[in-house]
1. Out of everything in the stretch 222-260 that is free of Cβ contacts under 8 Å to residues at least 60 places away in the same chain and among the charged types (D, E, K, R), what residue ends up being nearest to GLU303 (Cα to Cα)?
2. Pick from the stretch 272-293 the residues that are part of a loop (DSSP other than H, G, I, E, B) and of a type in the set (Ser, Thr, Tyr): which of them is surrounded by the most Cβ atoms within 10 Å (Cβ to Cβ)?
3. Look through the stretch 32-58, keep the residues that are in a helix (DSSP H, G or I) and of a type in the set (D, E, K, R), and return whichever of them is nearest to ASN16 (Cα to Cα).
4. Please work out which residue is modelled with the lowest pLDDT, limiting yourself to the stretch 365-392 and to residues that are surrounded by fewer than 22 Cβ atoms within 10 Å (Cβ to Cβ) and within 20 Å of TYR225 (Cα to Cα).
5. So how many residues does the stretch 59-71 have that are surrounded by 15 or more Cβ atoms within 10 Å (Cβ to Cβ), assigned to a helix (DSSP H, G or I) and modelled with pLDDT of 85 or more?
6. Within the stretch 207-245, restricting attention to residues that are basic (Lys, Arg) and closer than 21 Å to ASN325 by Cβ, which residue is surrounded by the most Cβ atoms within 10 Å (Cβ to Cβ)?
7. Take THR362 and decide whether it is surrounded by 16 or more Cβ atoms within 10 Å (Cβ to Cβ), of a type in the set (Val, Ile, Thr), touching a helix residue (DSSP H, G or I) at 6+ places or on another chain (Cβ under 8 Å) and more than 17 Å from SER227 (Cα to Cα).
8. Determine which member of the set ASP253, ASP267 is within 23 Å of LEU230 (Cβ to Cβ), surrounded by fewer than 13 Cβ atoms within 10 Å (Cβ to Cβ), more than 15 Å from the chain's Cα centre (by Cα) and not assigned by TED's automatic domain parsing to the domain that holds GLY112.
Amino acid sequence: MNQGLEQVLFHYILKNPDLAEKCKPEFFSISYIRELFAILKPYVLQYQSYPKVEQAIELVRVSEISDEVKQYLTPDTMHTFWNVNDTIASYDDDWLMNSVKAFLSWQTLMTGFRHAVTYIKTVQSDVTIDNYEDLVNTARTILSQQTIVDFNDTGAGLDIYNPENHKTKQLQRFQSGYDFIDYCSKGGYWSGSLWVFLGAPKAGKSRLLQNLCAQSMKMGDDCAYVSLELQEEIILQRMGANLFDINIDHYDDVANDEVLMRTKISDFQNRMIGVKPGQLDVKTFPTSATSVSEVETWLLKEEERISLVLKKSFKFKNVFIDYINILKNSRNPNSENTYMKIKQIAEDLRAMGQRNGWCIITATQTKQNSWNTGDIDMSGAAESSALAATVDMMFGIITDVMMNANHECFIKILANRVNGKVNERKRFIIDEDHMRLSEDMTATIIKDEDLQDFVQKSKEILKNSSQFASKPTVQSAPLQVAPQLDITENHIMENNIFQNDFTGKAEFGG
């Protein structure tokens, strides 16, 4: 960077306190600018204003910098240097801001590398087979955390007595593509929030995340899908089967025909009338060996890369993490405390979303005693209390043998930070051929209390039916389907809801 541009950036940064806070004196290559920035930065942060030349001259005079630098920074020199500020108006503001971002990002990266190298040199003689993992993780953490600069302005706090502050502005919702999800959350996702979907092994956690991602793309939102379990090709093929209407069993045949595949993609894009489908970036990381900070570093680099390709600023809106339990806890990598692991990873994920304006959507696994049951609640999460304190929204995936046979599942709201809607569920239909999950628009939303009332009435009906069945003159009528709940006798009997120890919730099958 030439001296003239560095002088311009010096003044521009000082005129923006949020940028001054991110900048360090050592970032400047010119010695007198380094010294001057070190003197003026505390003033700018304290008074949130750009110092006049007279103030700068006085601050230099009373500072403890070397006599050599003081002799150079004379009042005449300072007046000349302050004239550079008058030229800033002639620059395009977007170009200046992008130049400052490039300057701060690069210098922050170099500083992080230097700190990491210093740490490595300090510990390299102490590396053993017992501690190498901790040392490597620490070095990686230094690199990932100290090489990132955040340009999101957190702004001032809000005054409760100002009516304008009570309007929803920063938490503007954007639709998920599923009415039930939007109904539970007052309109959909919002930036900086953490969403978790709870399900048993093979309950369809990945399929649900992929469908949520596909729906977001249909809404025009740019997404990243990070997997710690499935290979990238599997994810892309599942997403392609869903979006491009390709039978998953015949996917390879279609994909190997480039002309046909282009036609399928083009048909999908043409169907999105009035909406440009969102971007999707898919990345697989090693299971249990990847931390939140490493994921964040990759996401930020991808935003920069895509911005260069598109020649305009690009940001992800939704980030899907498949899934939270198999992320590495960089804070305590060797801890066997699963509560602390999930708590800290959840906190790190939510902080990552808040820093970068992303909505983070992930999944977690239930306890073993919650597998193949017809209901689910917060206690089904292996680390429910750890997650409940951190997540903004938590949903459960309800499925059992009968539901699988019927190609259906239920999504239930378990924890809700924005309103009182909890313990309500909705039926979803599974299209196995296209890995597609569709909300049953004909089904009603079922509350737990309504479900328990229906089960009790059904119990009484079956009891009365069994009494009449012993009399040869009376033929018992089969239990009819309850249309508003989509529950049949098979649902009830398959899941043994009329056991003597029936509690009304844990073993219901539909």
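The values are calculated or read from the model by the stated rules, or taken from the named source; none is laboratory data. Since the model is a prediction, treat every value here as computed from it, not as a measurement. Virtual Cβ from ideal backbone geometry, glycine too; neighbours counted across all protein chains shown.
1. Once the filter is applied, the top-ranked residue is GLU232.
2. Ranking the qualifying residues of the stretch 272-293, first place goes to THR290.
3. Looking at residues that are in a helix (DSSP H, G or I) and of a type in the set (D, E, K, R), I get LYS41.
4. Across the stretch 365-392, the extreme among qualifying residues is GLN365.
5. So the count comes out to 2.
6. If we take residues in the stretch 207-245 being basic (Lys, Arg) and closer than 21 Å to ASN325 by Cβ, then ARG238 is surrounded by the most Cβ atoms within 10 Å (Cβ to Cβ).
7. Judged against the criteria, THR362 is not a match.
8. ASP253
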